[in-house]
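For reference, the structure discussed in these notes is given below.
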Amino acid sequence: MDKLILSVAMTGSRTSRAQTPYVPITEEEIAQQALDCWRAGAAIVHIHVRDENGQPSCAPERYQKVTDIVRAAGSDVIMNWSTGGGAGIVSDDDRSASIALAPEVASFDCGSTNFGRGVFINSPAFLEKLARDMNEHLVTPEIEIFDTGMIQVAKDLIADGFLQPPYWFQFVLGVRGAAPATARELTHMVDSLPDGARWSVCAIGRHQLPMNMIAMAMGGHARTGLEDNIYYHYRQLATSNAQLVERLVRIAREMGRELATPDEARELIGVNARRSAPARASE
Ligand code: ZN
């Protein structure tokens with residue numbers, strides 16, 4: 001098995017202060033929790049940013065500010081910037097504007113789905129443009145899969161030359177409107193991946209921990225964090241993102257899964273391969 005890549009999604013676009021006082025909202029708060037999670041063992045931090053009212057933002061300078069604070073503190077944790085947080089709020093162009101700043105990793109939501117009471121739209125034209133932008137700026141896409149059909153969307157984008165190996169997938173299970181968080185669903189999805197793909201699992205609410213554990217046992221990777229789940233135990237709020245990371249680190253040790261460092265994760269998910277390759281011409 002690979003060394004385990006632990007990701008943490010700390011803020012998201014929906015988790016609010018009314019739900020939990022522990023969700024980081026400002027750039028400084030997000031950076032501080034990112035550092036705590038890195039010290040606890042996370043190799044990747046998945047970043048959303050918010051505006052002054054706490055609403056989802058796609059402002060590139062906010063992403064950059066979080067990254068700058070984390071780097072200034074001496075951390076080499078991989079920063080994975082969201083391109084999904086502004087969906088339904090800002091234009092597709094604004095959603096992908098941060099890619100021009102060349103983050104190491106950015107989310108690539110590989111299709112459209114109902115999402116709670118809303119609709120999460122990622123049109124074919126948007127995905128093709130986002131893939132072109134990521135290729136141009138040598139950004140590793142974290143291919144997020146909310147439902148089984150999205151794996152076929154990824155395969156079609158691969159066949160059409162928009163996505164290149166090595167592939168890094170994140171299954172997001174248990175969103176109302178998309179695939180349920182079950183072992184059977186996950187095993188079918190893993191079996192459906194393109195050859196050589198690496199994959200991680202996150203799941204919503206009470207499904208987070210058991211699905212993380214199943215993924216770890218299967219040789220996959222795991223994402224925790226307050227974006228997906230605000231609880232530590234039933235009706236008991238998690239008091240930080242690092243608290244959730246620390247639990248997974250303990251479980252990984254018990255399971256004999258060694259943790260990947262950020263640099264080891266860069267090698268596994270293809271950040272190094274992309275950064276050492278010449279930029280692909282934008283079409
Ligand atoms: Zn996210």
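The values are calculated or read from the model by the stated rules, or taken from the named source; none is laboratory data. Every value quoted in this text rests on a predicted model; they were computed, and no experiment measured them. Positions of Cβ are backbone-derived with ideal geometry, glycine not excepted, and every protein chain shown enters the neighbour counts. Only protein heavy atoms, including side chains, enter the accessible area calculation; ligands, DNA and RNA are left aside. Shrake-Rupley method; radii C 1.70, N 1.55, O 1.52, S 1.80 Å.
Points to keep in mind about this one:
- The range 58-172 shape via C-alpha gyration tensor axes, a/c threshold 1.5: prolate
- Just checking the listed ones, ILE89, ILE121, ILE69: in the Gaussian network model of the chain with Cα springs under 10 Å, the one fluctuating most is ILE89.
- The residues of the chain have, on average, 42 Å² of accessible surface per residue, using a 1.4 Å probe with all protein chains present.
- Debye, to nearest 20: dipole size of the range 111-200, +1 on Lys, Arg Cβ, -1 on Asp, Glu Cβ: 280 debye
- Of all accessible heavy-atom area on the chain, the percent that carbon and sulfur account for (1.4 Å): 50 percent
- Cβ-derived FRET efficiency at R0 45 Å, ALA73 paired with ILE121, nearest 0.05: 0.80
- Under a Gaussian network description of the chain, with springs only between Cα atoms under 10 Å, the residue in GLU27, GLU267, GLU144 that fluctuates furthest is GLU267.
- Dipole of the range 6-282 computed with +1 at Lys/Arg Cβ and -1 at Asp/Glu Cβ about the Cα centre; of TRP199, VAL70, ALA97, farthest Cα towards the positive end is TRP199.
- Listed residue (GLY41, ILE145, GLN19) projecting farthest to the positive dipole end of the chain, Cβ model: GLN19
- Note on ALA100 and GLU61: the extension gain reaches 12.9 nm, defined as 0.36 nm multiplied by sequence separation minus the Cα-Cα distance.
- Solvent-accessible area of ASP195 with every protein chain in place, 1.4 Å probe, in Å² to the nearest 10: 140 Å²
- Loop-located chymotrypsin sites (Phe, Trp or Tyr not before Pro) across the range 142-248 with a Cβ neighbour count of 12 or fewer within 10 Å are TYR234, with loop assigned by DSSP.
- Between the beta carbons of ALA183 and ALA18, assuming R0 = 35 Å, the FRET efficiency works out to 0.60 to the nearest 0.05.
- Cross-link partners of LYS129 among lysines (Cα-Cα below 29 Å; sequence separation of 8 or more within a chain): LYS65, LYS155
- Size of charge dipole - the range 6-282 - debye, nearest 20, with Cβ of Lys, Arg +1 and Asp, Glu -1, no other charges: 660 debye
- For ALA222, distant residues with modelled amide H under 5 Å away: ILE5, SER7, VAL201
- Of PRO180, PRO60, PRO124, the residue with the greatest mean-square motion in the GNM of the chain, using alpha carbon springs below 10 Å, is PRO124.
- With 0.36 nm allotted per residue and the present C-alpha distance subtracted, the THR26-ALA273 stretch has 85.7 nm of extension available.
- Spin-label model, MET213 to GLU258: label points 7 Å out along the Cα-to-beta-carbon direction sit 2.5 nm apart.
- Among beta bridges from DSSP that stay inside the range 6-282, the antiparallel ones total about 20%.
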